[in-house]
2 protein chains.
Amino acid sequence: MNYSEMTKEQLKALHYEVYKKYEELKGMGLNLNMARGKPGTDQLELSMGMLNAVTPEDMMKGKDEMDFRNYGVLTGIQECKELLAPMIESPAENIIVYGNSSLNIMYDTISRSYTHGVMGSTPWCKLDKVKFLCPVPGYDRHFAVTEFFGIELINIPTDNNGPDMDMVEEYVNNDAAVKGIWCVPKYSNPTGISYSDEVIKRFASLKPAAEDFRIFWDNAYCIHDLFDDDFAVILDIAEECEKAGNPDMYYKFASTSKVTFPGSGVACIAASKANIDWITRQMTIQTIGHDKINMLRHVKFFGSFDGMKAHMKKHAALLRPKFAAVLNSLESELGPTGIASWTNPKGGYFISLDVMEGCAKRVVSLCKEAGVVMTSAGATYPYGNDPKDSNIRIAPTLPSPAELEKACEVLVTSVKLAALEKLI
Amino acid sequence: MNYSEMTKEQLKALHYEVYKKYEELKGMGLNLNMARGKPGTDQLELSMGMLNAVTPEDMMKGKDEMDFRNYGVLTGIQECKELLAPMIESPAENIIVYGNSSLNIMYDTISRSYTHGVMGSTPWCKLDKVKFLCPVPGYDRHFAVTEFFGIELINIPTDNNGPDMDMVEEYVNNDAAVKGIWCVPKYSNPTGISYSDEVIKRFASLKPAAEDFRIFWDNAYCIHDLFDDDFAVILDIAEECEKAGNPDMYYKFASTSKVTFPGSGVACIAASKANIDWITRQMTIQTIGHDKINMLRHVKFFGSFDGMKAHMKKHAALLRPKFAAVLNSLESELGPTGIASWTNPKGGYFISLDVMEGCAKRVVSLCKEAGVVMTSAGATYPYGNDPKDSNIRIAPTLPSPAELEKACEVLVTSVKLAALEKLI
């Protein structure tokens with residue numbers, strides 16, 4: 001029954017019942033975690049062939065004519081660029097392959113802009129004020145990077161089509177202190193939504209007040225579909241930016257962290273030639289190049305992009321029941337109550353749950369007391385501050401299905417309990 | 001015969017002879033390289049066991065109780081810290097293991113100091129002036145990192161015991177703009193000299209005017225001895241700094257780039273707990289951690305530090321004849337002439353050659369014309385500017401012994417020719 005239609009007495013009776021249920025769950029001494037967007041062990045097992053994909057019998061030279069084992073090849077081996085090109089949807093020559101962490105590339109990109117500017121612009125450390133737009137709810141580690149550099153973070157609301165583009169245009173086209181925006185355009189973290197064609201075209205057509213404004217397009221879940229017959233296809237920001245006369249306005253990021261091994265994947269950036277040249281100037285000073293054998297390992301393990309796509313279907317098969325378990329629990333337990341809403345993603349790693357305003361912190365704290373760790377309430381907003389205190393990120397990938405079922409029971413019970421506490 | 005004892009006529013006759021010899025070598029269409037401190041292919045073959053050191057049958061959890069394949073373990077797996085501890089001579093808890101490049105750690109360290117300061121000090125980007133001391137001749141990539149951040153580089157002469165410590169003390173103890181010094185304390189690049197106990201004790205006893213002054217102790221060749229019975233042992237800067245009451249004043253860097261594979265090794269920093277805590281604060285924002293499987297690969301391939309030391313003996317066996325070939329050629333061809341001097345390293349990757357003042361650029365250019373690429377003259381000095389134009393870095397490791405012999409013939413002939421051009 002919808003809580004809003006219940007009398008005070010009914011709510012009180014229900015509170016007693018839910019409280020009893022909560023205490024019962026608490027008594028079970030659970031120790032579960034729905035906080036981390038980490039692949040489950042079953043997913044890691046899919047990539048064990050990586051470990052002996054490169055053997056002592058392999059040719060140790062490739063298209064770059066350099067020994068994979070030795071120093072050299074600053075921007076990544078050609079074979080790996082070609083493997084990743086269809087994933088990040090840019091030609092090999094517009095790609096730099098890094099080490100294992102796309103977050104590290106993004107950090108580097110912000111750090112380089114801060115110390116040396118962007119393609120000749122004033123270094124951000126020499127400016128009085130730098131601002132970044134943050135579609136919310138979003139990814140805490142994005143926000144943390146910009147916060148670490150003292151950049152002012154501005155919330156941009158999102159709906160099912162992506163960020164509020166009126167607001168984005170207003171800021172970007174008029175305020176030269178606005179230097180970038182964090183985007184997860186496909187199966188967004190945490191909402192799972194994908195940007196509509198119109199949103200992406202409006203992104204590409206921005207007329208930034210700042211010459212060094214860049215769209216940080218973190219396509220972390222570009223090939224991370226859950227279903228064979230129901231998946232998102234988004235426009236390529238590079239192509240749209242070129243069409244709109246803004247060829248240098250984006251950086252695309254991607255990685256194989258959630259394709260092979262999260263700790264031992266390869267990450268890459270794609271951008272216009274002018275941007276790639278500017279980045280390479282720094283890389284020449286920063287390193288002699290990233291791990292080429294690990295790049296080769298990926299090339300050999302997958303053979304081609306088709307191999308990578310086939311591999312992703314195996315991930316999807318393991319993840320579908322986990323997403324379904326959470327969604328079923330939310331639907332059956334919270335659906336009738338009217339006290340929460342959530343997203344139903346077709347891919348990615350998260351489900352976004354909105355509980356009653358002012359209740360998210362309480363829900364997460366109740367979960368914790370009952371042995372279920374959730375992402376901190378507020379984490380999906382800059383400075384950890386969710387103005388409505390209502391958003392909770394659910395990460396269903398790491399626990400086993402049986403654990404998930406238990407964890408969801410705790411979660412929905414906590415959502416109800418917090419709402420009832422507020423209503424009575 | 002010593003050139004200084006020859007008459008003008010004798011010199012002219014010799015010039016004619018040397019010139020003929022040079023033209024003859026030039027006619028051979030050589031294509032050789034003594035510029036790069038890269039291991040030879042024979043050395044890379046020593047580590048092929050790395051490629052299948054970790055297999056699908058291995059336990060995927062270790063002392064940190066985290067899956068090696070997944071996200072997590074920010075500062076490196078415990079097993080790898082323990083492997084590297086005796087190499088870098090610091091306890092595991094004072095070590096952070098990074099990716100494949102110690103240069104990248106050094107870049108990060110400078111960049112972090114520039115953007116965020118050092119343990120609470122003013123970020124260097126907010127200061128009018130930052131200076132760095134550069135013992136010369138030294139490593140061009142060190143100098144390049146600090147130059148990239150607009151830091152003023154100051155030459156510090158070195159002798160067989162290390163940098164001129166009177167000058168170092170004068171700068172460090174009196175000028176708060178001096179924030180660091182680049183050191184390669186053992187088998188220095190390019191001279192091959194190792195710092196004496198007295199030099200290291202004077203380093204440890206500095207009384208810096210700047211609270212954020214740090215010694216950048218790049219122990220790149222810490223276990224890279226050429227001989228079993230004749231090798232350098234240097235004092236540990238960490239221990240000496242602690243004894244002298246300066247526990248936070250150093251960063252030690254090392255890597256396995258010239259132990260296993262240059263492109264796929266592991267690199268580390270060791271420092272006091274206060275420094276490690278400060279660095280970790282940044283790393284938490286920068287990455288989710290480096291490649292743990294590659295760390296495990298090193299642990300399994302070597303078994304222990306003894307395994308690593310045994311492995312280094314195999315490198316030494318391959319390198320000794322190469323160093324000997326160069327030294328023999330210098331000794332027999334240039335020894336009697338009095339126009340050059342050079343170092344006789346017991347380890348490391350380089351031999352440092354000083355030719356007649358004002359001749360280094362000419363020598364390198366003559367070599368190039370005859371098909372032998374040497375490190376650019378001046379590269380061993382900040383801003384590529386060797387005030388005496390006399391130092392040339394010889395890297396004997398990459399060419400085969402037969403190639404080395406030819407390359408040395410070109411080199412010594414060019415040294416003679418340049419000197420004779422100057423003398424007549």
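The values are calculated or read from the model by the stated rules, or taken from the named source; none is laboratory data. Nothing here was measured: the structure is a model prediction, and the numbers come from that model. Positions of Cβ are backbone-derived with ideal geometry, glycine not excepted, and every protein chain shown enters the neighbour counts. In case anyone asks, the SASA skips ligands and DNA or RNA and just uses the protein heavy atoms, side chains included. Shrake-Rupley method; radii C 1.70, N 1.55, O 1.52, S 1.80 Å.
Among residues other than residue A:60 whose Cβ falls under 9 Å from its Cβ, what is the net charge (Lys/Arg +1, Asp/Glu -1)?
Values: positive: A:61, A:69; negative: A:58, A:67.
Summing Lys/Arg as +1 and Asp/Glu as -1 gives 0.
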FRET efficiency for residue B:385 and residue B:1 from the Cβ-Cβ distance with R0 = 41 Å, rounded to 0.05, comes out at 0.75
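Out of the range A:18-66, which trypsin sites (Lys or Arg not before Pro) are coil in DSSP terms and have no more than 14 other C-beta atoms within 10 Å?
Numbers: sites: A:20, A:21, A:26, A:36, A:61, A:63; in loops: A:36, A:63.
Sites meeting the loop and neighbour criteria: A:63.
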Computed P(r) (all Cα pairs; the range B:307-351; 5 Å bins; percent): 5, 19, 26, 18, 13, 8, 6, 4, 1
Remind me, what semi-axes does chain B give for its equivalent ellipsoid, largest first in whole Å, using sqrt of 5 times each Cα gyration tensor eigenvalue? 40, 27, 17
From the label point of residue B:281, set 7 Å along Cα to the beta carbon, how far off in nm is each other copy's matching point, shortest first? 3.2
Tally up the carbon and sulfur contribution to the accessible surface of the range B:249-295 as a whole percent, 1.4 Å probe, everything protein left in place. 63 percent
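What's the average, rounded to a whole number, of partner chain beta-carbon atoms within 10 Å of each residue's beta-carbon in A:97-108? All intermediate terms of the calculation are to be shown ahead of the outcome.
Values: counts 0, 1, 9, 11, 8, 2, 4, 9, 1, 2, 6, 6.
Taking all residues of A:97-108 together, the mean is 5.
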Mind checking the per residue accessible area of the protein assembly as shown for me, 1.4 Å probe, whole number of Å²? 36 Å²
What are the residues whose amide H is under 5 Å from the amide H of residue B:136, where those residues sit 5 or more places off or on another chain and H is modelled from the backbone? B:156, B:158
For the range A:16-80, place one equal point scatterer on every Cα, skip the solvent, and apply the Debye formula. What is log10 of I(q)/I(0) at q = 0.21, 0.23 Å⁻¹? -0.97, -1.00
Output needed: Cys residues of chain A lacking any neighbouring Cys C-beta below 4.7 Å, sorted by number. A:80, A:134, A:183, A:222, A:241, A:268, A:359, A:367, A:408
By the Kirkwood definition, with r running over pairs of different Cα atoms, the range A:301-424 has a hydrodynamic radius in Å of 15.4 Å
Computed on alpha carbon atoms, what radius of gyration and Dmax characterise the range B:192-333, expressed in Å? 18.2, 57
Could you calculate the FRET efficiency of residue A:166 with residue A:273 from 1/(1 + (r/R0)^6), where r is the beta carbon distance between them and R0 is 30 Å, rounded to 0.05? 0.40
Projected area of the range B:91-192, taken from the Cα convex hull and averaged over every viewing direction, in nm²? 7.6 nm²
Anyone know which of A:280, A:256, A:146 comes out most mobile in the 10 Å Cα GNM of chain A? A:280
For the range B:262-280, residues shielded by at least 30 square angstrom of accessible area compared with the chain on its own, probe 1.4 Å: B:262, B:263, B:264
For residue B:309 paired with residue A:400, estimate the spin-label separation in nm (one decimal), with each label point 7 Å from Cα along the Cα-to-Cβ line. 4.6 nm
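In the range B:1-85, which GluC sites (Glu not before Pro) fall in coil by DSSP and have 14 or fewer other Cβ atoms within 10 Å? Present the calculation step by step, with values, prior to reporting the outcome.
Values: sites: B:5, B:9, B:17, B:23, B:24, B:45, B:57, B:65, B:79, B:82; in loops: B:57, B:65.
Qualifying residues, ordered by number: B:57, B:65.
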Round to the nearest 0.05 the FRET efficiency obtained for residue A:64 and residue B:324 when R0 = 30 Å and r is the Cβ-Cβ distance. 0.40
What share of all Cα pairs of the protein assembly as shown, in percent, falls into each consecutive 10 Å distance bin? 2, 12, 20, 22, 19, 12, 7, 3, 2, 1, 0, 0
Which distances, shortest first and in nm, link residue B:42 to the matching position in the other copies, using label points set 7 Å out along Cα to C-beta? 5.3
How far is residue A:82 from the same spot in each other copy, in nm, shortest first, if each label point sits 7 Å from Cα toward Cβ? 4.4
Rounded to the nearest 10 Å², what accessible area does residue A:149 show when all protein chains are kept and the probe is 1.4 Å? 10 Å²
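For the interface of A with B, what's the total buried accessible surface in square angstrom, probe 1.4 angstrom, rounded to the nearest hundred? Don't skip to the end; give the middle numbers.
On the way: alone 18000 and 17950 Å², together 30830 Å².
Using a 1.4 Å probe, the pair buries roughly 5100 Å².
Give the carbon-plus-sulfur fraction of the accessible surface of the range B:115-192 in %, rounded to a whole number; probe 1.4 Å, heavy atoms of protein chains only.
Details: 1080 of 2630 Å².
Answer for the range B:115-192 is 41 percent, counting heavy atoms of protein chains only.
Do any GluC sites (Glu not before Pro) in the range A:326-424 lie in a DSSP loop with no more than 13 other beta carbon atoms within 10 Å, and if so, which?
On the way: sites: A:331, A:333, A:357, A:369, A:403, A:405, A:409, A:421; in loops: A:357.
Those satisfying the criteria are A:357.
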